[in-house]
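Trainee: Take this structure, written in structure tokens, and hold onto it; I'll ask about it next.
The values are calculated or read from the model by the stated rules, or taken from the named source; none is laboratory data. Just so it is clear, the structure is predicted and the values come from calculations on it, not from any experiment. Because the Cβ atoms are built from the backbone with ideal geometry, glycine has one as well, and the counts that use them run over all protein chains shown.
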């Protein structure tokens, strides 16, 4: 007998699907855990799936030499799950329908490793790439959902602070009451987590529009009494005219901006009786107000912004009276939109807001974004850069206005001479 004839059966052995390189059986189970809801698999059936796949050998998922199979009888699985065999049959039917297992049993439904009968997983392994795509989509959807919830948080904070000031200025007018009533109908933060993306997008858009309306309502008296920033000289420009005047002790107290507003609405979320105007005579500096924008006209920021940041700001000023119609609220929203695009995690943003206030965090993202978009010397890790700015703020070494001045000066001179944002 020739040697070739001896090894021929081994060579002719069927090749079974295997997991992508770098993925182990447990990683595959974790992948299935994540995409199971999209496949119509409930938590109970998923628990049964874990027991079944746990009865296989991990190497069978990687080599392709053997087909992974669970030979456990339904009664054995039922004992492990502490349920009846009929429940296991229902779970297996669900797993078959979802394309996660293929049942090959004897005529009487029995399973045996000797006869090659059981529940096989090749059908699921073959779909691994499909599941990876589903996972990426799920992760993107979750990031988008988190972004929308973050935007709603900004809208809620700013519209409530606007309402507190409007109550102090106008009392219980029809416009003020309309804003208060609209807020009272907003879903709670807990309900936001359960809202479908489409519904959440609509709600966030409505919340944004209400916030802009409140801000515009506040802006009306200032236009008639004091004039706008449009004809004022730029604080950055004035400072640049004499570099000796660029001080490192300019600060913006972001903590004051995020202090809670005292007034409470009748719905219990923020309020009290709108007719009791005396309760609102002492309105604190609120979340919708900006200390930096009292020093630097809005138009000054536009040339400093990255192209993508300008795109968001431009979209927000559509239908409004030019750049001067933008508020701090618009910069906060634009910064929040840039976070995922810059690769900045929500935790880095939340940490910055917690430690230095929303306004300071917004300008830090503005500066980080501009530097990350610099074609000559871009920031390689915007998330790390933002965390570094947060640390420097806590140390009392961060000069945000100085950082904005640095952006302005960098457009006029070589990068080697650019100012540091630090104190």
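Residue-by-condition table, conditions (1) under 40 Å from the mean Cα position of the chain (by Cα); (2) surrounded by 20 or more Cβ atoms within 10 Å (Cβ to Cβ); (3) outside any loop (DSSP other than H, G, I, E, B):
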{"site": "53", "(1), (2), (3)": "yes, yes, yes"}
{"site": "56", "(1), (2), (3)": "yes, yes, no"}
{"site": "75", "(1), (2), (3)": "no, no, yes"}
{"site": "79", "(1), (2), (3)": "no, no, yes"}
{"site": "91", "(1), (2), (3)": "yes, yes, yes"}
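Trainee: Is it the case that residue 368 is buried (at least 23 other Cβ atoms within 10 Å of the Cβ), under 16 Å from the mean Cα position of the chain (by Cα), touching a residue at least 24 places away in the same chain (Cβ under 8 Å) and at negative phi? Steps first, answer last, please.
Mentor: On the way: buried (at least 23 other Cβ atoms within 10 Å of the Cβ): yes; under 16 Å from the mean Cα position of the chain (by Cα): no; touching a residue at least 24 places away in the same chain (Cβ under 8 Å): yes; at negative phi: yes.
The answer is no for residue 368.
Trainee: How many residues, within region 113-139, are closer than 10 Å to residue 69 by Cα and surrounded by 12 or more Cβ atoms within 10 Å (Cβ to Cβ)? Break it down stepwise before answering.
Mentor: First, pick out the residues of region 113-139 that are closer than 10 Å to residue 69 by Cα: 113, 116-122.
Subsequent filtering for residues that are surrounded by 12 or more Cβ atoms within 10 Å (Cβ to Cβ) retains 116-122.
The number of residues fulfilling the criteria is 7.
Trainee: Would you call residue 119 in contact with a strand residue (DSSP E or B) (Cβ under 8 Å, 6 or more places away or on another chain), in a loop (DSSP other than H, G, I, E, B) and on the phi < 0 side of the Ramachandran plot? Break it down into steps so the answer makes sense when it comes.
Mentor: Numbers: in contact with a strand residue (DSSP E or B) (Cβ under 8 Å, 6 or more places away or on another chain): yes; in a loop (DSSP other than H, G, I, E, B): no; on the phi < 0 side of the Ramachandran plot: yes.
No, not satisfied.
Trainee: Which condition number in (1) within 30 Å of residue 52 (Cβ to Cβ); (2) assigned to a helix (DSSP H, G or I); (3) free of Cβ contacts under 8 Å to residues at least 12 places away in the same chain is the one that residue 134 fails?
Mentor: (3)
Trainee: With the requirement that a residue be over 20 Å from the mean Cα position of the chain (by Cα), free of Cβ contacts under 8 Å to residues at least 24 places away in the same chain and part of a helix (DSSP H, G or I), what does region 184-209 give you? Break it down into steps so the answer makes sense when it comes.
Mentor: Restricting attention to region 184-209, the residues satisfying the condition of being over 20 Å from the mean Cα position of the chain (by Cα) are 184-186, 209.
Checking the rest, the ones that are also free of Cβ contacts under 8 Å to residues at least 24 places away in the same chain come to 185, 209.
209, the sole residue that qualifies.
Trainee: Give me the pairs: first residue in region 161-183 and at positive phi, second residue part of a helix (DSSP H, G or I) and at pLDDT below 90, beta-carbon distance under 7 Å, and six or more apart or on different chains, which are they?
Mentor: Here the result reads 171/277, each pair linking region 161-183 to a residue that is part of a helix (DSSP H, G or I) and at pLDDT below 90.
Trainee: Shifting gears a bit: Output the residues belonging to region 307-344 that are exposed (fewer than 15 other Cβ atoms within 10 Å of the Cβ) and closer than 13 Å to residue 386 by Cβ.
Mentor: Within region 307-344, the subset exposed (fewer than 15 other Cβ atoms within 10 Å of the Cβ) is 307, 311, 314-315, 318-322, 341, 343.
343, the sole residue that qualifies.
Trainee: Moving on. Quick one: count up the residues across region 371-393 that are assigned to a helix (DSSP H, G or I) and in contact (Cβ under 8 Å) with a residue 12 or more places away in the chain. Don't jump to the end; show me each part of the working.
Mentor: Restricting attention to region 371-393, the residues satisfying the condition of being assigned to a helix (DSSP H, G or I) are 371-372, 382-393.
In the following step, the residues that additionally are in contact (Cβ under 8 Å) with a residue 12 or more places away in the chain were identified as 371-372, 382-383, 385-387, 389-390, 392-393.
The number of residues fulfilling the criteria is 11.
Trainee: Report, by residue number, each residue of region 374-383 that is surrounded by 17 or more Cβ atoms within 10 Å (Cβ to Cβ) and either under 20 Å from the mean Cα position of the chain (by Cα) or closer than 17 Å to residue 405 by Cα (or both).
Mentor: Of all residues in region 374-383, those surrounded by 17 or more Cβ atoms within 10 Å (Cβ to Cβ) come to 379, 382-383.
Scanning region 374-383 gives 382, 383.
Trainee: What residue, of 210, 132, 166, 217, is under 18 Å from residue 332 (Cα atoms) and outside the structural domain of residue 330 (by TED's automatic domain parsing)?
Mentor: After ruling out the rest, the residue left standing is 210.
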